[in-house]
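Structure, as C-alpha cells:
The values are calculated or read from the model by the stated rules, or taken from the named source; none is laboratory data. Remember, it's a predicted structure, so these values are computed and weren't measured experimentally. FYI the Cβ positions are ideal-geometry reconstructions off the backbone, even for glycines, and counts take in every protein chain you see.
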Amino acid sequence: MTGMSAQSTAPAPFTADDYQGRMARAASAAAAAGLAGLLVAPGPDLVWLTGYRPTADTERLTLLVIVPDQDPVLVVPTLEAGDAAHAPGAPALTLRDWRDGQDPYAAVPLTGTDGRYGISDNAWAMHLLGLQRRAPATSYAALSEALPMLRAVKDDAELGRLTAAGAAADAAYQEIKQVAFEGRRETDIAGDLARLLRRFGHAQVDFTVVGSGPNGADPHHEAGERIVQQGDMVVLDFGGLMHGYGSDTTRTVHVGEPSDEERRVHEVVREAQQRAVEAVRPGAACQDIDRAAREVITQAGYGDRFIHRTGHGIGVTTHEPPYMIEGERQPLVPGMCFSVEPGIYLPGRFGVRIEDIVTVTEDGARRLNNTPRELAVVH
Ligand code: ZN
Ligand code: ZN
Ligand code: ZN
C-alpha cells in the first residue's frame, strides 16, 4: 500500500530508555573492539545515541564520551547546556559544561593517557587536534572503521520509520509519473518531487536527482536547467528524512515510447537489481550482493558502465555502513537496511538506475520500496 497510508500517525518518540540502551550497546561494542571509549560529535551518531541535535554546528566543543563501565558524559558549552538538558536521552547522561575562556578539552574525561578511542567521522579536525594536544599518547580511530556496524542493525521501531519513509517516497513516485515532463526544466520536476515528498510526510528533502537524457549518465547529476525532451530517459533519485529516518529510491522513466536499445538496457538493470535482492539473506556477505548485480550487467556487456557500488546502509543518514561493495565481507544480519541500486551509464546518451531500500529478514530481503520497476512511460 502507498498513498494515504504513508501519512498515518507519527510513531511514538524514542524514550530515554531507548537511548540508554543504545549507549549501553555502544559501550559494550567499544569494549569488545578493544577501545577505551567513544567520542561522539554532533551529527548522526549523536542523534542516534541521545536524540540531541545542537541548534547550530558551532566551533564550540560538544562531545559525548562513552567509556565502558562509566556513565556517559556529554561535554557541552555552558550556553547550550540548558538545551542539551532537554534532549530525549539527557536523563541517561551526565552533562559537563565548559565556559568560554576555559579549555574545553580539559572537560573531556579521557581515561588514562594511552587508550584508543573511536571518534565520529564528522568530528571537527580542530577538536581532534585539541584532544591530541591534551593527551598526546591517546590514539584515535574513525568510528565508521572502528565500529562500522554500530547503527547497522535496526530495531522494530527504526524499521517502522524506514518502512514509512519508503512508502512515502513510493507515493511520491506514483504521483510524479502523472506530471508533465516534456518541455519542462529538470529543476521544475525536482521541485514537484520535493513537494510530493513533503506532502507524503517527509520533514526534510535531501536530494531530488532528475537526470534527463545525457545528464542521466552522471549518477548524482543535480537537477539543472536542461529542458526535458520527447525521447529522453529520465533518472529520478530522491529521498529525505521522515520521523528522523531516511528514504532513498530511484526509478528511470522514459518520455514517450522508448527505443529497443533503451528497453534492453533498462531490462538489464531491472534484472540485475532483482538478482541482487534475491541474493540477500542472513550470512551472505555484502560483496555477494554487489557481485550478483554486477554479474548480470557484465554478462550483458555493460560491466564497465556500472561505475559505482551496488548499495549503502540507511538509517538516520542516507549513506552509512554496511556498503554493498567488492571486498566487504561483513555478513548480512536480520534488521540491516540498505539500498540495492545497480545502474548503467552511457556517457553523452543516457543512464538507467533502479533503487530500492531492503531490509534483511530470516527469509531474505523485504523491500521497503514497492513501486513497479518496469520502464514507465511519462509525457
Ligand atoms: Zn529515448
Ligand atoms: Zn538514491
Ligand atoms: Zn542510494
Review point. In the stretch 279-297, which residue that is under 15 Å from ARG367 (Cβ atoms) and in contact with a Gly (Cβ under 7 Å, 6 or more places away or on another chain) is surrounded by the most Cβ atoms within 10 Å (Cβ to Cβ)?
Key: ILE289
Exercise for review: Count, please, the residues in the stretch 319-332 that happen to be within 16 Å of ligand 2 (Cβ to nearest atom) and acidic (Asp, Glu).
Suggested key: 1
Practice item. Run down ALA142, ALA137, ALA146 and say which single residue is closer than 22 Å to ALA29 by Cβ, surrounded by fewer than 17 Cβ atoms within 10 Å (Cβ to Cβ) and in contact (Cβ under 8 Å) with a residue 12 or more places away in the chain. Key: ALA142
**Study point:** For PRO321: the one exception among (1) more than 11 Å from ligand 3 (Cβ to nearest atom); (2) in a loop (DSSP other than H, G, I, E, B); (3) surrounded by fewer than 24 Cβ atoms within 10 Å (Cβ to Cβ); (4) within 20 Å of the chain's Cα centre (by Cα)
**Key:** (2)
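Return yes when VAL209 is buried (at least 24 other Cβ atoms within 10 Å of the Cβ), at pLDDT 95 or above, among the hydrophobic types (A, V, I, L, M, F, W, C) and not in a helix (DSSP H, G or I) and no when it is not.
On the way: buried (at least 24 other Cβ atoms within 10 Å of the Cβ): no; at pLDDT 95 or above: yes; among the hydrophobic types (A, V, I, L, M, F, W, C): yes; not in a helix (DSSP H, G or I): yes.
Judged against the criteria, VAL209 is not a match.
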**Study point:** Residue count for the stretch 229-256, restricted to those that are more than 11 Å from ligand 2 (Cβ to nearest atom), assigned to a strand (DSSP E or B) and over 11 Å from the mean Cα position of the chain (by Cα)
**Key:** 7
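Residue check: is THR310 touching a strand residue (DSSP E or B) at 6+ places or on another chain (Cβ under 6 Å) and within 16 Å of ligand 2 (Cβ to nearest atom)?
Details: touching a strand residue (DSSP E or B) at 6+ places or on another chain (Cβ under 6 Å): yes; within 16 Å of ligand 2 (Cβ to nearest atom): yes.
Spelling it out, THR310 is indeed touching a strand residue (DSSP E or B) at 6+ places or on another chain (Cβ under 6 Å) and within 16 Å of ligand 2 (Cβ to nearest atom).
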Check your understanding: Just one of the numbered conditions (1) more than 13 Å from ligand 2 (Cβ to nearest atom); (2) without any contact (Cβ under 8 Å) to a residue 12 or more places away in the chain is not true of VAL316; which one?
Key -> (2)
